[in-house]
Each structure stands twice: as structure tokens, then as C-alpha cells.
Amino acid sequence: MSSETRQKYEVVIGIECHVQLATKSKLFCACDNDSREVEPNTHVCPVCLGLPGALPVLNKRAVELALRLGQALNATYPDNYHTKFDRKNYFYPDLPKGYQITQFDEPIIGAGYVEFPLDGRTVRIGVTRAHLEGDAGKSSHPDGADYSLVDLNRAETPLVEIVSEPDMRSAAEAKGYAQELYNIVRYAGVSEANLYYGNMRFDVNVSVRLVGAKEFGTRTETKNLNSFRAIERAVEYEIDRQIELVEAGERVRQETRGWNDAKQTTYAMRSKEDADEYRYFPEPDLPPLIITRAMVEAQANELGLLPAEVRAELAAAGMPAKESEVLVADPVAARLWHDVVSAHPEHARFALNWLVGDRVKLEEDKGALAESDISALTVALVAQMVQDSKLSSSNAKVLLAALWSDDRGGMEVAKELGLLQESNVDELARIVDEVIAEQAQAVADYTNGNQRALGALVGQVMKKTQGKGNPPLINQLLHDRLDA
């Protein structure tokens, strides 16, 4: 498709994101909420199975986490906010009750927004609402079989469905919004957000219209995307597919589509010509829920650091944007950086460089940063040793690797490992004089204008000090003797 054809159209994108809350039990019963790698239909009970007479009991922790997420999404709560549950009626094999307990007209999270940086600008995407609901089970369809299997371990796991406004206008914005939601739910501590296990799933609505048109085009909904790359590719594919249909005089069908990652294409799943009629009505087995000011404030106190705050701190410290975004994408590392610079702002760059660099490699070999003995004080002390010329930058990395699983003081371990720099002026001067006497050719080359020769001389001094010499001091001593 030519760029001229593409530019004739405006893209309109909205995203519905399902977030599985990090509770120990399910939303309406005491069954284990973690259904990963367990036998099918083992984390179930009469409530999950929809047996007659089984009554739901609302999980208090799910409400708390939803309130915390609402504030992270910039939603506001009036005093004594009224919310309730509803029945969404439809029939599907993995929905044993024949209805889903969800929220319709009075969701637990009202209007809010998400902001994130993209190509040097700040993008704001509105959030229409977000509501609590119990998940359905999981159907699987074995290859070549004439039957389907149903696993109800996932039934009634607590979800928050976040519904965006149709504010996105490109695949890049859709990807950026999804990534920021991923950041937010992890920073807020409301979900494990494991994309592989489906803790977050994205349904992406895409339509196109001529630039300047007021009415939206016919939209398609691509379901259950679980990677940011898939979101971006699916949107790009749908944009091209829909524009090609319109340009050919054909109409875009309103339908639900799936994503084939191997072929990098969407495919039709089922037609959706009219709005689904779910016959919502208030859930009779659960009373309305009144959200008090005390409940909201309790979760505000638990919210902690958010991605936008980390970005602001990084910008204020003058940190480069690329490395900053790498740090923001890692909540544990970002909190450690925040703790370092809160007490020692002069070590912002050292902490950032290590956290987005060598720390990543260490984590692959030694385990998660959160489980290590590395603290903000550890990083700050090592940074100070470098600043005081007691430790070279390369030996600082060695020391931090050693301190990963060693809670002793940095100086003690540095001495034990022989990592401290030699800064004794008299001793270094003696070694410098030895090297000058031994390296007559290098000295002559430097005297004749070959600046590289100085590096060779520094290298020889470092060799004699077994890498412990203070490089700035060695350079100064060599200049004092050779430039006189």
C-alpha cells in the first residue's frame, strides 16, 4: 500500500485489557487463584462449577487491589461511592453458570487516564471505566480431535477489565499504552502481570475513516493478544486490511478476529453485526458495595512509586531518555534507583548505568535482584568509593557482583578481593619511573608527538600494580615527567 493511500485515512483504536489480580483466592470463593501448571479442574468448588445453591462471597482483597489500581489510573472517588455487581448472561461451554458475575453500569473504577512518552511527546489515553469480574474457564481444542476440553481452574479468578477511550491513532500508540498499563499494574503491586500465563490479555478494537470524517468506521476486535509486539503487528495488519477493503469499494465487517502469530495475520472468528444482548441485571446474591473515603485512602497509602514519578525523577537528574525507559520498565530496579538518589543524588548516573547494564547480566546468573543482598546503601557506598578514587569503575562492577550474595560491607569485601586502587603517590611515582626507564621506545614515541604511546605507558604501570593503580594519578605522574 502506498503512503499516499495510507495518509488518506485516520486510524481509531481502543483497547480492553483484562488484568488478573494477585489475590491468594478467587473472586467469589476460597479456591486457589493460581491455576498455572496444575491438573485441570482441581482448583474448583461448587461456586466455580456453578452448582445449584452455591452462593458467591466477595473477596475483600480483590476490592482493595481494584481501588489501588483505580488511583494508579488517575480515577477519582467521591465519598461513599456506590458500586454493584451484575449478571452478564451468555452460554458457552467454559461458563458453567450460564452467566458471568461482572459490573455493568456502576463499575468500581470510573473515568481516568494513562500518560506515557512516545517519540518526544506525552500521549494521554482516556480510560472509560474498569470493572471487577470473575473470569470464565478455559476451552482447548486438541489438533485433529472432534471434541473440546474444558478446564475450570481459571473460573472465577478475579479480573479487572480496563476499557480505554478510542483515543489511539497508531500502532505505536496502542503498543505504548499497553506497555504503560503493564508498568502500572506491576508498580502498583496489583498483578503479577505475567503475559505468558495470561495474567494480562488485550482485546484491540481497530477502525479506519477518511481524514476529517466525524463518524467512526466499522471496527473489528482482535481478541486475547498477550504481547506488545503482537498488539503492534495486529493493529498494523488490520489497518492495511481495512483500508484495502474500503479502497476496493467493499465494506469492513464488524467481527471478532484472532491473531495468527506464525503468519502475522488476523483471521475472522465470528461475526458481530449487532451489539451483543447480554440481558444484564443486578446480581441478586451480592449486595451493593459502598466505597468509603477510608477505603480509598488506605489503598492510596499502599500505592507507592508509579512509572510517571520515576520518569520525572530521571528527567530532573538529567538522565538519558533511552536508558531511563529501560529502567522504568523494571519496577524493582527503578525503586532501587529511586532509593539511591533520594539519599545520594550525586550517584544517579552510576546507579542507572549499573542497573540497566551489568545488573541485568548478574540477574541472569545469580537470580532476581529482589532476592539479592544488594541495597540502595550498597550501591551508594560503591559509587562513593569510585568517586573517592578508591575503586576503579571496572572493579566496582566486580565488587557489586561479589556483594550480590554477601551482606558484609563493601570496603571489607573490596579489601579481601584486592580490588582497592593504589593511590600512594610515592609508591606510584617509583613504579612510573621504572616504566619510563624500561620503555625507552614508548617514551621516545610520545616525545615525538605520538599520543597513543602514553596509553601504552599507563598500561605498563597498571600491569606492575596488578590493575590497582589509580589511572588519573598515573596519567598525572607521567605528564609531570614527560612534559617537563
Listing of strands (runs of 3 or more DSSP E) fully contained in region 66-120 that carry 2 or more residues being surrounded by fewer than 17 Cβ atoms within 10 Å (Cβ to Cβ), at pLDDT 95 or above and not polar (S, T, N, Q) | 112-118
Looking only at region 256-309, which residues are farther than 18 Å from GLN100 by Cα and basic (Lys, Arg)?
-> ARG257, LYS263, ARG270, LYS272, ARG293
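Looking only at residues in region 167-199 that are among the aliphatic types (A, V, I, L, M) and in a loop (DSSP other than H, G, I, E, B), which one is nearest to ALA30 (Cα to Cα)?
Going through the qualifying residues, I end up with VAL190.
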Unique residue being surrounded by fewer than 23 Cβ atoms within 10 Å (Cβ to Cβ) and in a loop (DSSP other than H, G, I, E, B) when the list is VAL12, VAL63, VAL57 | VAL57
Top-ranked residue in region 230-249 [being touching a helix residue (DSSP H, G or I) at 6+ places or on another chain (Cβ under 9 Å) and under 16 Å from CYS17 (Cβ atoms); ranked as surrounded by the most Cβ atoms within 10 Å (Cβ to Cβ)] | ALA234
State whether the residues of region 399-409 include one that is surrounded by fewer than 18 Cβ atoms within 10 Å (Cβ to Cβ), under 27 Å from LEU478 (Cβ atoms), at pLDDT 85 or above and not assigned by TED's automatic domain parsing to the domain that holds THR465.
-> no
Considering region 200-229, residues that are under 20 Å from the mean Cα position of the chain (by Cα) and surrounded by 21 or more Cβ atoms within 10 Å (Cβ to Cβ), and then whichever is nearest to LEU21 (Cα to Cα), we arrive at MET200
Would you mind finding the one in ASP365, ASP433, ASP426, ASP358 that is acidic (Asp, Glu), more than 15 Å from ALA333 (Cβ to Cβ) and modelled with pLDDT of 85 or more?
-> ASP365
If only one of LYS84, LYS26 is within 22 Å of TYR196 (Cα to Cα), among the basic types (Lys, Arg) and in the same structural domain as ALA234 (by TED's automatic domain parsing), which one is it?
-> LYS26
In region 15-46, residue surrounded by the most Cβ atoms within 10 Å (Cβ to Cβ) [restricted to those that are in contact with a Phe, Trp or Tyr (Cβ under 7 Å, 6 or more places away or on another chain) and at pLDDT 95 or above] | ILE15
Which numbered condition trips up GLU297, out of (1) farther than 30 Å from ILE109 by Cα; (2) of a type outside the set (Ser, Thr, Tyr); (3) surrounded by fewer than 15 Cβ atoms within 10 Å (Cβ to Cβ)?
-> (1)
Tell me which residues, restricted to region 436-484, are at pLDDT 80 or above and on the phi > 0 side of the Ramachandran plot.
-> GLY449
Contacts under 6 angstrom Cβ, first residue in region 214-238 being under 15 Å from LEU181 (Cβ atoms), partner crowded, with 20+ Cβ neighbours inside 10 Å and among the charged types (D, E, K, R), 6 or more apart | PHE228/LYS175; ILE231/LYS175; GLU232/LYS175
Across (1) crowded, with 16+ Cβ neighbours inside 10 Å; (2) in contact (Cβ under 8 Å) with a residue 40 or more places away in the chain, LEU457 clears everything bar (2)
Breaking point among (1) in contact with a helix residue (DSSP H, G or I) (Cβ under 7 Å, 6 or more places away or on another chain); (2) of a type outside the set (Phe, Trp, Tyr); (3) closer than 30 Å to LYS366 by Cα, for LEU428 | (3)
Test for LEU65: is it under 29 Å from CYS45 (Cβ atoms) and in contact with a helix residue (DSSP H, G or I) (Cβ under 9 Å, 6 or more places away or on another chain) | yes
Region 167-177: number of residues that are crowded, with 24+ Cβ neighbours inside 10 Å and either touching a Cys at 6+ places or on another chain (Cβ under 6 Å) or among the small types (Gly, Ala, Ser) (or both) | 1
Any idea which residue in region 235-291 is modelled with the lowest pLDDT, counting only those that are small (Gly, Ala, Ser) and more than 19 Å from PHE104 (Cβ to Cβ)?
-> SER271
Counted residues, region 357-384 - those being surrounded by 14 or more Cβ atoms within 10 Å (Cβ to Cβ) and under 18 Å from VAL326 (Cα atoms) = 6
For region 231-261, the count of residues that are more than 12 Å from ARG219 (Cβ to Cβ), of a type in the set (A, V, I, L, M) and not in a helix (DSSP H, G or I) equals 1
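The values are calculated or read from the model by the stated rules, or taken from the named source; none is laboratory data. As the structure is a prediction and not an experimental result, all values here were calculated from the model. Positions of Cβ are generated from backbone atoms using ideal geometry, with glycine treated the same way; all protein chains shown enter the neighbour counts.
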